[in-house]
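Each value in this text was obtained by applying a stated rule to the coordinates, not by laboratory testing. All figures in this text were calculated on a predicted structure; none of them were measured in a lab. Counting neighbours? That spans all protein chains shown, and the Cβs are built from the backbone with ideal geometry, glycine included.
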C-alpha cells in the first residue's frame, strides 16, 4: 500500500510541475510588455528598463526558468504587476473564501445527488422521472443555473441577497448552484453502486443470514457505495478549489476564481499564473486525499493491480 | 400462529419439496419438482446447465427475488417457511437452512474481513458482544479445518484462496447449526485437490451436525464420492431419484444412463474409440413450457409414440427408485429389500408415495 | 402463495429493469436534427447584427418582449432575439461537432499510442495526460483565451486542448484491458505489423466506446462554449453566441428575463439532445454502461 501511495504522490508532483512549466511558457507567448503593465504611465524608457532588470526579464530564458522554479519551491509565486503585493498574499485569503464555497458546494451536491440516487434505487416507479431530472441538471451550464436562481430567489422573491459579499447568507445561492449542477454525478454513482450491490451475491448472502433490510443497507451496501463516491468528492474539491470561476463571477463571490478573472483583465500575469499553479496543486492534493480515504474504506483498492 | 408456525418436529425430513414450480417472467425454470432430503443424508442433485437445479436450490433456500413466481410447497424440518411472517422468517432462517453459493468471491462482502462476516450471525441473532462473537467466529473457522483461523478471520475475501473462501462460506452456513444445508456447486470452480478437501469436509460435517445436505452438481464423480442418494434433473423436473449405488449400477431413466455411459467411456474407453455422447442438446427453459410429451424424447433411444404424447410422471419403478419414463428399466431386486412385512411401509415406499401425488 | 426472500422495497430494487432504448435515442436524434436544421437555416431567421435602437427598444430604452414583429423579443441593443438565437444555435452546433471530433481524435491517438507502445512512450504520454487532467479547467481556458483573438477558432482550440485528456485516459484503459485479454499478443504472434494490429484488433473495440462517449463529450462542449462566451473568453459580441447573449442581457434580466431564459432553454435543449443520444446508446449496449457521464 505504501508503494502505491508514493507512486501516486510522485505522479501528482510531476503533474503540478508540468502545469508550472506550461504556465511559465505561457508567459512568453502572451503579448504585451510586463514592464508597461506595471507602470503604465511611465514616460521614460529608463524606468521601464529598470523594471525589466528587476524582474530579470533581460536574462536568458534558461536563467529566468531556473529563477522561476527556484522561487516556486520557496512558495514564492512572484509579485503582482498591478498591486504592490506578493501573489501568494493575494491568493491566500481568496483561496480560503473559495474553500468555504467549495465545501458548501460539495455538501450540497452530496445531499441532493445522494437523495436523487437513493430515491431512484429504492422507488423504481419514479426512476424515469429521476433520470429526467438528472439529465436536465447535467445539460445546464453552471452560470445558467446560477442566474436563474438569482433571478427567482434574488430578484423576484427577494429571499437572498443579490450583491457580492462572503457571508453565510450569501453562500446559499452559489452553493445551491454548485449542488444542483453536481448532483447528477453523485446520483448516478449512488444509483449505479446501489443497484450493483443490491443485485449482488453478497447481499443475497446477507439476506440468507437473516439480516434486516435496514441493516443490510447500512452495513453492507453503503460502504460499497462510498468508494467511488469518495473519488468523486476528491475530484470535486480539487476542481472547485482550483477556481469555481463561473459561479464566483455570477454571484460576485470574492474567491480565487474571481481574482483570476480580474487579473486576466488587468493583464496581471503573475497573479493569473499563480492561480493556475495553486489550482493544479489543489486538484492533485485532493485527488490524493480522496485516494487515501478510499483505500481505507475499500480494502480492495489498497494494492495497485499488477 | 397456526400449527405451521409451531416448532419443527425433530423427526421431520430436513427438506421436503412438493410440486415446486419456479417462473421468471416467461421462463419456467422448474416445472413441478418434488424431492426430499432426510437428516444426516446427502442428496446430490445432478443436471446440466439450464436444467433448473440452481433455481430449485435458491427456491428451497427462499433466496429468489420476489419477481420470481414460486408455487408448490417447501418444508424445512417440517416448517413451511411461506407461512411465517417476514420478521419471524428473518430471525429463524439462518438456523433453518444454510446456503453455500457457487462463487464465494461474489457471495462474500468484499469490504469486510472473513471473521466479521461470520461473527455477524452471532451478534445479530444471539446478541453476543463483539469480542465473544469474534472468538466464536474463529472457532467456526477451525471447525471447517482452517489451519490458522485467527489469521484467516482478519483477512478480506480477495486475500484468500478459492478453497479458503469456500470454507468461510461453509462456516457461515453451519454456524447456526441448521438442519438443512443447500450447496450450489460449491466445488465447480476449484481445482481437483481442493475439491477433494471440501468434499471430505462436507462428509465430516454431515456426520458431526446430522444435517441433511442438498448438494447441487453436474459432476458425477462428486456424486459418487459424496452422495447417499441422487436426484437427476432434466428440463425443470426430477426424472430419476434413488440411492447412489443402485442408481449408478442400474439407472432407470435413459438420461441417467446416457450420463453414466459418457462418464464410463471417458474413464475406461480404449484409445481410438469414439466417446459416447447423448445426441442433441438439452432444451432451453422457454422452449419446454406448454409442449406435450417427454422433454427428453428427441434425444432418447427408447422413444415411442407414447413419449411424444404424454409426459411421464415421476413414479416408483422399484422400492426406493423413482423414474419419470414410460420405458424405465427396472433394476434387479437386491436381496432383502423386497421382503417387507405387508403392513409396514419402509422409507423407500414413502418416497414412492410422495412422488406420485 | 410465496414467501418473499426479502422485504419488498429492497428486493424490488434488486431486480434491475432494462434501460429505455430506443425512446431516448430517437428523441435525442430528432431533437438534434431540429437544431442542426436551425443551424443550417439560420439566416432565414433574420439578421443578428442589426441594431435597432429606435424601433427595437421601448420608450425607456428597455428590450422588447415577445410580439409578432419580434417573436422572441429584442436584446439590449434592439437586435432581434430570434435571429441571434438562430445564429447562436449555429455556433453551438458547429462547436459541438468540430471540437468533439478534434478532442476525441487527439485523445484516442494518445491513448492508443500509450497503450500500444508501452515503455517510455507510454510513460511520457500518460504524464502529459495527467497534466491535462490536473489543469484547472476554467482558469486554463481563460489563460489560453488571453493568447488568442476572440472567435470560433479560439473556442475550438480551447475545448480541444482541455477535453482531449479524458478520451485519452478512456482509450488507454481500454487498450490495456484488451491487451490483458490477449488481442495484441495474438495479433503480433500471427506476424501482423503494429499498425495492422491496431487497425484490425483494437480499433473495432474502440469504436463503440468512442461512439458512446462522443455525445457526452459534445454535450460538455456545448456547455463549455456557452460558459466561455459568457465569461468573455470565447466568442465575443457582436457575434451571437448563446453564452454571450446571456452576459449581454445580464444587467437587464430582472425586467427582461427572456434575455436569460431564451438562450438558456436553447442551451438546455441542445445539450439534452446529445445527452439523450448518449443515454440511448448506452442502454443499447449494457457493456458500455461503464462509460458514465464523463467529460465535464
Mean separation of Cα contacts under 8 Å (6+ apart) over length of the stretch C:49-185, as relative contact order %: 24
Spread of Cα-to-Cα distances over 10 Å intervals beginning at zero, given as percent, for the stretch A:109-265: 10, 32, 29, 18, 9, 2, 0
Mean separation of Cα contacts under 8 Å (6+ apart) over length of the stretch A:218-306, as relative contact order %: 40
Rounded tilt (10° steps) of B:162-174 against the dominant C-alpha axis of chain B: 90
Largest-first principal axis extents, alpha carbons of the stretch A:89-151, Å: 53, 24, 16
Fewest-first sequence of B:91, B:53 by Cβ atoms within 10 Å of each Cβ: B:91, B:53
log₁₀ of I(q)/I(0) at q = 0.21 Å⁻¹ - the stretch B:37-86, Debye sum with one point per alpha carbon: -0.91
With Cα atoms, 0 to 90° folded angle of helix B:130-143 axis to chain B main axis: 40
Degrees between helix B:254-268 axis and first principal axis of chain B (Cα, 0 to 90, nearest 10): 70
Cα-Cα P(r), the stretch C:116-169, percent of pairs per 5 Å interval: 4, 19, 25, 19, 15, 10, 6, 2, 0
Extent along principal axes [Cα atoms of the stretch B:36-127; Å; largest to smallest]: 35, 33, 30
Translational diffusion coefficient (Stokes-Einstein; Kirkwood radius from C-alpha pairs) of chain B at 37 °C, 0.692 mPa s, in µm²/s: 153
Cα radius of gyration and Dmax for the stretch B:205-255 (Å): 11.8, 36
Taking the stretch B:69-215 and dividing mean pair separation by its residue count, relative contact order in percent (alpha carbons under 8 Å, at least six apart): 31
Binned Cα-Cα distances of the stretch A:204-306, short to long, each 10 Å bin given as a whole percent: 14, 28, 23, 17, 11, 5, 1
Residues B:245, B:218, C:70, sorted so that the one with the fewest Cβ neighbours within 10 Å comes first: B:245, B:218, C:70
Dmax and Rg, reported as Rg then Dmax, of the stretch C:63-104 (C-alpha, Å): 14.3, 43
Equivalent ellipsoid dimensions for the stretch B:95-180 as semi-axes, Å, which come from the Cα gyration tensor, largest first: 18, 15, 12
Neighbour-count ranking [beta-carbon atoms within 10 angstrom, fewest first] of B:307, B:294: B:307, B:294
Average partner coverage of B:59-71, which counts Cβ from other chains inside 10 Å: 5
